[in-house]
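Encoded as structure tokens, the structure appears first; notes follow it.
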């Protein structure tokens, strides 16, 4: 097992848990090493100097000794920023926690995230913290992570004939969209409305850094949620603890604050 001493890396604190009497295990998503767990000694000792650096949803630069496998060790932090809104709001926290858990399941621990995925996840957390609709940001990440799970659907056009103009429907059996000429190939297609199809297509290629004002009707958000839940359930086959909490929270909120069927103040195209 190789140890890399004095490494400087960017990181986002994902979670932490007590370890023995005074120590902690702190999980950090890093730009250079993926998800790593750090052993931090003496957290509950008087005078401990890294308290702010290991709070969940703290983003900054860290110095540490990195082990390829097993626990790593933090030496010092610098340039820290905490995502305050997420830390203080249980709903925002739930969405952000789910995104981080989903990405970890997609890429694994102790593995460098491919491409620009570190930047993409950091951008998603920042957008949620600064007021973008957390459900929309989460949906975008979910759609784009399907490729990492090995089940990227064909959303550019019809799987069979490559037609690119709507209408379409979604076929689990064919792994993507079907045009009306080929609906007959899958009697169990999802029968999605075209607004949901539109957003699945848009979210699959959208750069989060270019995300503007997106306001969706309640029913559109619900259909996107149902569709992505079905795809993840049937094709990815995972159901995370963080997602279960998010679902329970949404159900509980709906019991006391039923959402309107249509909000004329928003426009989702």
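Numbers below:
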read-out	value
Number of positions in region 207-230 that are loosely packed, with under 15 Cβ neighbours inside 10 Å and in contact with a helix residue (DSSP H, G or I) (Cβ under 8 Å, 6 or more places away or on another chain)	1
Of all residues making up region 57-68, the number that are without any contact (Cβ under 8 Å) to a residue 60 or more places away in the chain and either surrounded by fewer than 21 Cβ atoms within 10 Å (Cβ to Cβ) or within 14 Å of residue 79 (Cα to Cα) (or both)	5
Helices (runs of 4 or more DSSP H) completely within region 82-195 that count 3 or more residues being buried (at least 18 other Cβ atoms within 10 Å of the Cβ)	90-107, 117-129, 134-145
Residue among 253, 202 that is closer than 26 Å to residue 102 by Cβ, modelled with pLDDT of 95 or more, within 22 Å of the chain's Cα centre (by Cα) and part of a helix (DSSP H, G or I)	202
Residues being within 21 Å of residue 101 (Cα to Cα) and either in contact with a helix residue (DSSP H, G or I) (Cβ under 7 Å, 6 or more places away or on another chain) or in a loop (DSSP other than H, G, I, E, B) (or both) - total across region 29-51	6
Per-region count, region 231-249, residues in contact with a helix residue (DSSP H, G or I) (Cβ under 8 Å, 6 or more places away or on another chain) and surrounded by 14 or more Cβ atoms within 10 Å (Cβ to Cβ)	7
Residue in region 19-28 that is surrounded by the fewest Cβ atoms within 10 Å (Cβ to Cβ), counting only those that are in contact (Cβ under 8 Å) with a residue 12 or more places away in the chain and over 15 Å from residue 96 (Cβ atoms)	21
Which numbered condition residue 54 fails, given (1) farther than 19 Å from residue 87 by Cβ; (2) out of contact with any helix residue (DSSP H, G or I) (no Cβ under 9 Å at 6 or more places or on another chain); (3) free of Cβ contacts under 8 Å to residues at least 60 places away in the same chain	(1)
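The values are calculated or read from the model by the stated rules, or taken from the named source; none is laboratory data. Here the structure is a predicted model, which is why all the values come from computation and not from measurement. Virtual Cβ from ideal backbone geometry, glycine too; neighbours counted across all protein chains shown.
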